[in-house]
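The values are calculated or read from the model by the stated rules, or taken from the named source; none is laboratory data. Only a predicted model underlies this, so the values are computations on that prediction, with no experimental measurement involved. So basically every Cβ, Gly included, is an ideal-geometry build from the backbone, and we count neighbours across all protein chains shown.
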Amino acid sequence: MPLETIVINAGGIFLPWHHVSISISAEEAVRTAVITGHVPSGVSPPWPDDKATLTANGTLLLTGYVRDLRPDQGPDDWQATITLVSRTVDAVETSILHKTGLVENKDIKGIVEAFDNLGIGIEAKGSFETIAKHQIEPGESLYSTLEPLARAEAAIIHDTPEGKLRIVKKPEGSHSGGLAAGVNIISASAEFSGEGKFNPTIVRGQQSRGVTAQAMRPETRATDPSVGRSRPKIIVLDGEATASHLKNAVEWETRAAAGLAVSATVSVSGWRDQGGNIWTPNWLVYVRHPRIYLDQMMVIKSVELTQDTRADGEGTRATLTLADPRALGGSSSGSKSGKGWSAPEPKAEYSAQ
């Protein structure tokens, strides 16, 4: 598999390097890259907080900053390890600065725009409910105020190659060619667990306006028949507990639990599918591997892209963490997989106590 031409611009070009690892997840707001190599003598290295970009064959993969610089002098060698992080790191780690901390009658995109005092940027795909009132907690970060709102909309948050936040409700693309044992899969493993799965899942909350039972004590519940016994779990919803938010949240929690309990990890040669697209979280790919009982469409939850140019290195590889598409808001297209890969189709039941 040909090597990717990787260009790292961080306070200047950092060359030569011999190992690169890039981690991207559909469920995390900050992607990272770790680069190991030699800084030429007399050249100043990239320093923490320098602006940085990383491309592979011209495809932008990360826009952000140098996070860490770790020079290392051993008995026979000297090298430096540099960590890059997405611009979105400031949405996770810093506090919102806002005169009142209050936003009214905005959807999730409008709330982010109101509180984005650092200019990180937001991309939101899909329709979102208008929220009557949202008050931040003192010291809260943009991500921490956004995450429960996204959960209530059955949406996920991740970052983009340009270093912006992105909110979506379902998988956004499909990879061509698929993955198959004996064809392009180097190694594969799966894990089936009952940990974290509940039956029923109950979500409760309150609305900021009104004194009726629907405003003060609403709840929804959803079952997961794959659990097979009573394992109740109560979750308190942050923010406005409207009927649609409660419904979205309980169905999302049930699907997400199933996605965490059952997953596959597949290693492939190269970073790209047959169409030339880099393996991308929240995209679909068909996977066929009888030894892990898998024969169905899957969604990519996370990707680790590695390239090692040393003679004894593994070259260019991608490690994909996969789940049933329903775990990230997608739908089932039919499955020939083993029983353990079945995912729930939760139906929320709404009531007011």
Can you tell me which of His134, His98 is over 23 Å from the mean Cα position of the chain (by Cα), farther than 25 Å from Ile235 by Cβ, touching a residue at least 24 places away in the same chain (Cβ under 8 Å) and not assigned by TED's automatic domain parsing to the domain that holds Arg204?
His98
Can you tell me which residue among Ile278, Ile202 is over 29 Å from Val30 (Cα atoms) and of a type in the set (A, V, I, L, M)?
Ile202
Members of the range 260-271 found to be within 20 Å of the chain's Cα centre (by Cα), surrounded by fewer than 21 Cβ atoms within 10 Å (Cβ to Cβ) and not hydroxyl-bearing (Ser, Thr, Tyr), listed by number:
Leu260
Kindly provide the set of residues from the range 181-201 that are loosely packed, with under 14 Cβ neighbours inside 10 Å, assigned to a strand (DSSP E or B) and out of contact with any helix residue (DSSP H, G or I) (no Cβ under 9 Å at 6 or more places or on another chain), ordered by number.
Ile186, Ser187
Do you know which residues across the range 55-70 are in a strand (DSSP E or B) and modelled with pLDDT of 95 or more?
Thr55, Ala56, Thr59, Leu60, Leu61, Leu62, Thr63, Gly64, Tyr65, Val66, Arg67, Asp68
Selected residue (criterion: farthest from Thr81 (Cα to Cα)) from residues of the range 13-25 that are modelled with pLDDT under 95 and either part of a strand (DSSP E or B) or not aromatic (Phe, Trp, Tyr) (or both)
Ile13
Please note which strands (runs of 3 or more DSSP E) are completely contained in the range 217-272 and include at least 1 residues that are at pLDDT below 90 and of a type in the set (S, T, N, Q).
218-222, 262-269
Checking Ala33 against (1) among the small types (Gly, Ala, Ser); (2) under 17 Å from Glu162 (Cα atoms); (3) part of a loop (DSSP other than H, G, I, E, B), the condition it does not meet
(3)
